[in-house]
1. Tell me, 60, 211, 378 in order of fewest to most beta-carbon neighbours within 10 Å?
2. When the gyration tensor of region 265-421 is built from Cα positions, what are the square roots of 5 times its three eigenvalues, in whole Å, from largest to smallest?
3. Give me 128, 414, 241, 85 ranked fewest to most by other Cβ atoms within 10 Å of their Cβ, as a rough exposure proxy.
4. Would you mind ranking 156, 399, 245 by Cβ crowding within 10 Å, fewest neighbours first?
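Computed from the coordinates by the stated procedures, all read-outs in this text should not be read as laboratory data. Everything quoted here is computed from the prediction, not taken from an experiment. When we count neighbours, we look across all protein chains shown, and the Cβ atoms used for this are built from the backbone with ideal geometry, even at glycine.
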């Protein structure tokens, strides 16, 4: 698929193509910029791709994180001296809908640089439009294939960057280290693994099982792709009969169902893994308290002490009245690193891409700092695997809240057995 109007847009500057025409908001909404030193100048419209931003927690987090980031950019003087105006584009978590939004709003010149996107197939479709003639910073897709696309066809996809989460290939090691620690501290000797509902998670699950074998006996590896099971009771019986001390799962939309069934059945083993929904502040309520004891790897910083939140978390709570999900931190960082990389009005897209490959956002909300790996790295345009400051980390639901339990330097508590064990 050829990026729409690629040859025409490649000759335009980053900001020159961002302010043409009015904003009809057929697929989203724009938010007026706050008063800033740039007031009175024509705004740069930032496209924010988010699935069902009014109702779906990840989509809402992406939209709100981008809005908070735009407000911070405008207080600091705007993007290249001009106010930044976020325009939220609803993808409905659909590659086809995202493609239509891009064609209508971005390729048409109504919107300039873009951030956001959730689920790897959605961002993969956006990549076909972005190409090398525009810039997109994704905030909710963990498939390593996106970075490989940039590496294998750099000239065609060099405008695609990932602000977060880190791709799944980089998450195997921190999760396996946590399991290894529990082998010593909690006596885990046998572990089962599960991959469910996202085909692009399958390689992560395979690598994880291989890495876990360095520390524990992997007694059973199960793969379920496509849809969430009507019940996981039968699976839990098999894992219990195999004598597993823990079930380490990789799941996304099925995570709530998995945890609910686990809490309802109360089997004699721990449950956790890479379960992105489990890290969201609303997760505990969504499974009616069954989350007690479930753990997940979180590829972003989370506060160790709720009474002393970091600046981003405090600002997000002040504006939106709730704690942020990781996707909000990624979007917030994506917007602000654009300001770091684009100090000049009229900067050509190619120059912006070159600068994004070199700059660093020192006060990242999701990591210790945000930068992008170069084109010759294993995962071009991804955050580096060593994110520092104990990120990624493992959190466990304890007393109604997610508590960091690994690594030790970032922990706010110790891992606990499920209440019924």
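1. Numbers: 60 22, 211 17, 378 14.
Listed from fewest to most nearby Cβ atoms, that is 378, 211, 60.
2. 34, 17, 13
3. Working: 128 18, 414 13, 241 10, 85 23.
Arranged by neighbour count, lowest to highest, 128, 414, 241, 85 become 241, 414, 128, 85.
4. Ascending Cβ contact count within 10 Å gives the list 399, 156, 245.
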